[in-house]
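The values are calculated or read from the model by the stated rules, or taken from the named source; none is laboratory data. No experiment lies behind these values; they were computed from the predicted model shown. Note that each Cβ is placed from the backbone with ideal geometry, even for glycine, and that neighbours are counted across all protein chains shown. To get the accessible areas, we keep the full protein, side chains included, count just its heavy atoms, and leave off ligands, DNA and RNA. Shrake-Rupley method; radii C 1.70, N 1.55, O 1.52, S 1.80 Å.
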Amino acid sequence: MKAKPLAQELLDELTGFDQSILLSEFKRHRYLFECDKAIRVAPAEGYMCKAIVHSLSNDFDQMYQNFQIAMRLAPNDKLIKMNCIASLANYGRFEEVSNLIDINALNQESIEIDAFYRVLFSTLDLDTIRKIDSDYADQIENMLAEIEVEISDAKKYITLFNNVMSQKKIRFGLIPAVSWRLDEDLFVYYDFVGTAEQSIEFMDEFDNLVADLDLKHVARKITIVLLPIGSC
């Protein structure tokens, strides 16, 4: 599951970045140039690297297109598939990630497992969460019961937010370690690669949809906090 030397060196460098960074235009063009060189000797791996560059540049469409090319060129390549899964999870494409992951073949050391956990926590799949972390599942369930919010309503609320964010085609994710904590309200924290101005804009859009879909009773008890992160 190793890429060829030129592509492997480039892949190691790209995957070594914190996934919350936003590449500068200079770095983006430099890495794309290196990817084009890799494509000449290892086409599938080169397109995979190109997809990762676009992912780190908040360019979902180009990322998706290049992963599709890479997987067509090497449909059985596990390394390409794993990196595709991880990148899709970073953009909140949870249904697509679920379709790509073989739960029975998950390796606890692989990046697939991180993507799998992200799907579970972000979609509030309590039944599956309970199998891997019963204490965390119980914590969520107990908090929801304490504030008198049905699990089904909480799922609708969280799913609506995920949909708003995934449509923006930027990287975002729920932060399990600090979420589902009760302090008068129940708080759920997300971070995303973007600006404070975007955070306000996205939350305003979400609040309007909450009102339209009659979920205000949930919003009064579950507070979503959207934190901008990333660097150039």
Specify the angular offset, from 0 to 90 degrees and rounded to the nearest 10, of the alpha carbon long axis of helix 111-123 from the longest principal axis of the alpha carbons in the chain. 30 degrees
Listed by chain and number, the residues whose amide H is under 5 Å from that of Arg181, excluding neighbours fewer than 5 places away on the same chain and using placed H, are Phe187
Using modelled backbone amide H atoms (1.01 Å from N, in-plane), which distant-in-sequence or interchain residues come within less than 5 Å of Ile147's amide H? none
Among the lysines, which have Cα under 19 Å from the Cα of Lys78 when same-chain residues fewer than 8 positions away are ignored? Lys2, Lys4, Lys50
Pairs of lysine in region 109-232 with Cα under 21 Å and at least 8 positions apart or on different chains: total? 8
Dipole magnitude of the chain, debye to nearest 20 (Cβ charges: Lys/Arg +1, Asp/Glu -1, about Cα centre): 1120 debye
Taking Cα atoms only, helix 60-73 is inclined relative to the longest principal axis of the chain by an angle, in degrees rounded to 10, of 50 degrees
What is the percent carbon and sulfur in the accessible area of region 91-232, measuring with a 1.4 Å probe over the protein chains and ignoring ligands? 47 percent
If one takes the longest principal axis of the Cα atoms in the chain, at what angle in degrees, from 0 to 90 and to the nearest 10, does the Cα axis of helix 196-212 lie? 50 degrees
Loop only by DSSP, 10 or fewer other Cβ within 10 Å of the Cβ. Give me the GluC sites (Glu not before Pro) in region 118-196 that pass, ordered by residue number. Glu148, Glu184
Mind running the shape call on region 70-169? Use the C-alpha gyration tensor, a ≥ b ≥ c as the square roots of the eigenvalues: rounded below 1.5 for a/c, prolate if a/b tops b/c, oblate otherwise. oblate
Could you compute the net charge surrounding Val218? Neighbours are other residues with a C-beta less than 9 Å from the C-beta of Val218; K and R count +1, D and E count -1. +2
Once Rg and Dmax of the Cα atoms in Å is worked out from the coordinates, which option in [x] 20.7, 78; [y] 21.9, 70; [z] 18.9, 59 does it equal? [z]
Of Leu209, Ala196, Leu227, which is farthest on the positive side of the dipole of region 159-232, counting Cα position, with +1 on Lys and Arg Cβ, -1 on Asp and Glu Cβ, and the Cα centre as origin? Leu227
Result for the chain: accessible area per residue, probe 1.4 angstrom, in square angstrom, of 51 Å²
Contact order normalised by length for region 51-121, with contacts defined as Cα pairs under 8 Å and 6 or more residues apart; what percent is it? 25 percent
Measuring from label point to label point, each 7 Å out along Cα→Cβ, what is the Arg40 to Glu9 span in nm? 1.4 nm
